[in-house]
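Q: This structure is in structure tokens; I'll ask about it shortly.
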Amino acid sequence: MKIYQADSYLSMCRKAANIISAQVILYPRSVLGLATGSTPLGIYRQLIEWYRKGDLDFTEVTTFNLDEYAGLSPDHPQSYRAFMNENLFDQININRVQINFPDGTTEQIQAECSRYDDLIRSKGGIDMQLLGLGHNGHIGFNEPGIAFEKETHYVQLSESTRQANARFFSEGESVPDHAFTMGIKAIMQAKKILLAVSGSSKATILKRALTGPVLPEVPGSILQLHPDLTVVADTDALSELLKA
Ligand code: F6R
């Protein structure tokens, strides 16, 4: 495991964007696993800036997002696809047909999960997976207690996750209670993992994830077993680890 300490959110984002850029420059046909949430926003902004300067080309890149809310169509403003369009895809030269999400609207739940896993495999697997870390230790929408051996699956979201994500929804609009997510097994099959973490509110869970016992109660703890994990975190997020 490699840990990069950054002194601020911005420099954390710059470091993470550097690592993703290196991947795309060295391997233009990379398959990237991407995340939503607040943490990657600055990373995506930095990638867009370098793309605009002519330093990055995404035409041959394929992406798979970690998760999508059940019941939200791709054009729903709170869908993860809409989030990614707004914050990254609409601003770079990625080929639309190479962007992949679970289909949140399907009723064929099992078939959709298998389709997503098969599609990832058919592209040769994920070369680099970007992850954020939930306050309860979740990665993707794999909530505490989830079995480590799952690939893409359908999950019920915990109340704390729904509350944390309510900030992206308008007042009175309810956060979906289910989602599709790549499972821990699917995430662990990525060749490289880049975990980005920011803020003092993540300090305790980051320490538990990286140095505590590997347990389903802290889904992110499984990352300790990944052969190529890079953690990029700001000093606030690392504050508990640095005390040790
Ligand atoms: C997002 C995702 C989640 C987030 C996590 C952290 O696609 O899968 O696991 O990475 O909830 O979210 P933020 O970055 O908003 O703190």
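Q: Residue under question is K207, and the condition is that it be over 15 Å from the mean Cα position of the chain (by Cα), more than 11 Å from the ligand (Cβ to nearest atom) and closer than 30 Å to P28 by Cα; does it hold? Before you say what the answer is, go through the steps one by one.
A: Values: over 15 Å from the mean Cα position of the chain (by Cα): yes; more than 11 Å from the ligand (Cβ to nearest atom): yes; closer than 30 Å to P28 by Cα: no.
It is false that K207 is over 15 Å from the mean Cα position of the chain (by Cα), more than 11 Å from the ligand (Cβ to nearest atom) and closer than 30 Å to P28 by Cα.
Q: Related question: Taking the range 92-135 as the region of interest, how many residues are of a type outside the set (A, V, I, L, M, F, W, C), outside any loop (DSSP other than H, G, I, E, B) and away from the ligand (no atom under 16 Å from the Cβ)? Write out each step before concluding.
A: Pass one, the range 92-135, residues of a type outside the set (A, V, I, L, M, F, W, C): 93, 95-96, 98, 100, 102-108, 110, 112, 114-118, 121-125, 127, 129, 132, 134-135.
Still in the running and outside any loop (DSSP other than H, G, I, E, B): 96, 98, 100, 110, 112, 114-118, 121-122, 129.
If we keep only those that are away from the ligand (no atom under 16 Å from the Cβ) too, we end up with 96, 98, 110, 112, 114-115, 117-118, 121-122.
The total comes to 10.
Q: Shifting gears a bit: For a quick check of your reading of the model, give me the residue pairs whose first member lies in the range 66-84 and is without any contact (Cβ under 8 Å) to a residue 60 or more places away in the chain, whose second is polar (S, T, N, Q) and within 14 Å of the ligand (Cβ to nearest atom), with beta-carbon atoms closer than 7 Å and at least 6 apart or on different chains.
A: Correct list of pairs: S73/S79; Y80/T36; Y80/N65; M84/T36; M84/N65.
Q: Looking only at the range 139-188, count how many residues are within 18 Å of F83 (Cβ to Cβ), within 11 Å of the ligand (Cβ to nearest atom) and small (G, A, S).
A: 3
Q: Among the residues of the range 11-60, which ones are out of contact with any Asp or Glu (no Cβ under 9 Å at 6 or more places or on another chain), among the hydrophobic types (A, V, I, L, M, F, W, C) and without any contact (Cβ under 8 Å) to a residue 60 or more places away in the chain?
A: A22, L26, L41, L47, I48, W50, L56, F58
Q: Please tell me if I99 is under 16 Å from F180 (Cβ atoms), among the aliphatic types (A, V, I, L, M), surrounded by 22 or more Cβ atoms within 10 Å (Cβ to Cβ) and within 15 Å of the chain's Cα centre (by Cα). Quick ask: steps written out before the conclusion?
A: Details: under 16 Å from F180 (Cβ atoms): yes; among the aliphatic types (A, V, I, L, M): yes; surrounded by 22 or more Cβ atoms within 10 Å (Cβ to Cβ): no; within 15 Å of the chain's Cα centre (by Cα): yes.
No: the conditions fail for I99.
Q: Look through E151, E159 and report the one residue that is surrounded by fewer than 21 Cβ atoms within 10 Å (Cβ to Cβ) and within 30 Å of P28 (Cβ to Cβ).
A: Values: E159 fails: within 30 Å of P28 (Cβ to Cβ).
Matching residue, one of E151, E159: E151.
Q: Being of a type outside the set (A, V, I, L, M, F, W, C) and in contact (Cβ under 8 Å) with a residue 12 or more places away in the chain is the filter; apply it to the range 116-130 and report the residue that is surrounded by the most Cβ atoms within 10 Å (Cβ to Cβ).
A: Ranking the candidates gives Q129 first.
Q: Among (1) touching a Phe, Trp or Tyr at 6+ places or on another chain (Cβ under 9 Å); (2) closer than 30 Å to G54 by Cβ, which single condition is G104 missing?
A: So the condition that G104 fails would be (2).
Q: Given the options I25, I43, name the one that is within 15 Å of L194 (Cα to Cα) and out of contact with any Lys or Arg (no Cβ under 6 Å at 6 or more places or on another chain).
A: Numbers: I25 fails: within 15 Å of L194 (Cα to Cα).
Criteria check complete, one pass: I43.
Q: Can you pull out the residues in the range 71-93 that are within 18 Å of the chain's Cα centre (by Cα) and not charged (D, E, K, R)?
A: Quick first cut of the range 71-93, residues within 18 Å of the chain's Cα centre (by Cα) only: 74, 78-89.
If the condition is that a residue be within 18 Å of the chain's Cα centre (by Cα) and not charged (D, E, K, R), then P74, Q78, S79, Y80, A82, F83, M84, N85, N87, L88, F89 are the ones that fit.
Any read-out appearing in this document is the output of simple, stated calculations on the displayed coordinates, not a laboratory observation. No experiment lies behind these values; they were computed from the predicted model shown. No Cβ is skipped: glycine too gets one built from the backbone with ideal geometry, and neighbour counts run over all protein chains shown.
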